[in-house]
């Protein structure tokens with residue numbers, strides 16, 4: 001994880017609350033990382049176009065950011081899909097080694113351990129049934145249909161339960177942050 005992870009996350013959360021200055025700072029910081037990422041993989045003008053496309057995608061999808069997850073992982077996912085789009089658009093069949101994927105944002109095992117501990121503490125606040133559904137669907141990648149079959153609930157009920165559980169966790173975080 002990059003050193004700026006916390007700063008970027010703070011800027012993103014402030015931007016989601018309407019802080020235009022934080023949003024400008026966030027986009028300026030991301031532009032530097034994205035230019036470096038795309039410059040190693042695409043030609044000059046195409047790389048700059050990819051940076052702009054990625055920034056637009058970040059802007060249009062900003063409401064999908066989950067504050068419980070690392071911000072840079074969310075950005076990397078968008079950047080990776082935009083890179084694939086550029087390869088398709090220019091009919092390239094280039095390969096990007098997996099070890100280069102981490103170059104956009106590095107990885108820090110200590111932060112992973114802390115994040116895992118924090119997620120576990122949060123999930124422990126949920127009732128067991130809700131906790132299991134959130135773990136299955138959001139952490140383990142179990143499909144909604146499979147989770148519904150396991151629990152005997154309808155798919156809609158599973159989706160609503162998971163949504164409400166995550167919303168209640170978010171409200172708990174907001175209350176905790178307000179107390180500080």
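What ranking, highest mean first, results for peptides 37-45, 56-64 when packing means the other Cβ atoms within 10 Å averaged over each residue?
Final packing ranking: 37-45, 56-64.
Distance between the C-alpha centers of region 111-130 and region 57-82? Whole Å please.
Region 111-130 and region 57-82 have Cα centres spaced 21 Å from each other.
Take residue 118 and residue 173, extend 7 Å from each Cα along the Cα→Cβ direction, and tell me the distance between the two endpoints in nm.
It is 0.7 nm.
Spin-label point model (7 Å from Cα, Cβ direction): what's the residue 56 to residue 84 distance in nm?
Between residue 56 and residue 84, the simple spin-label model gives 1.9 nm.
Assuming R0 = 45 Å, what is the FRET efficiency of residue 129 and residue 31, from their Cβ-Cβ distance, to the nearest 0.05?
0.55
When a/c reaches 1.5 or more, the comparison of a/b and b/c decides; with that in mind, is region 5-101 rounded, prolate or oblate per its Cα gyration tensor?
prolate
Which of rounded, prolate or oblate describes region 109-179 when judged by the alpha-carbon gyration tensor and an a/c cut-off of 1.5?
Note, shape of region 109-179 comes out oblate.
Every read-out reported here was derived from the displayed coordinates using simple, explicitly stated rules and does not represent laboratory data. Note that the coordinates shown come from a computational prediction; the quantities given were computed from them, not determined experimentally. Note that we place each Cβ from the backbone using ideal geometry, even for glycine, and neighbour counts take in every protein chain shown.
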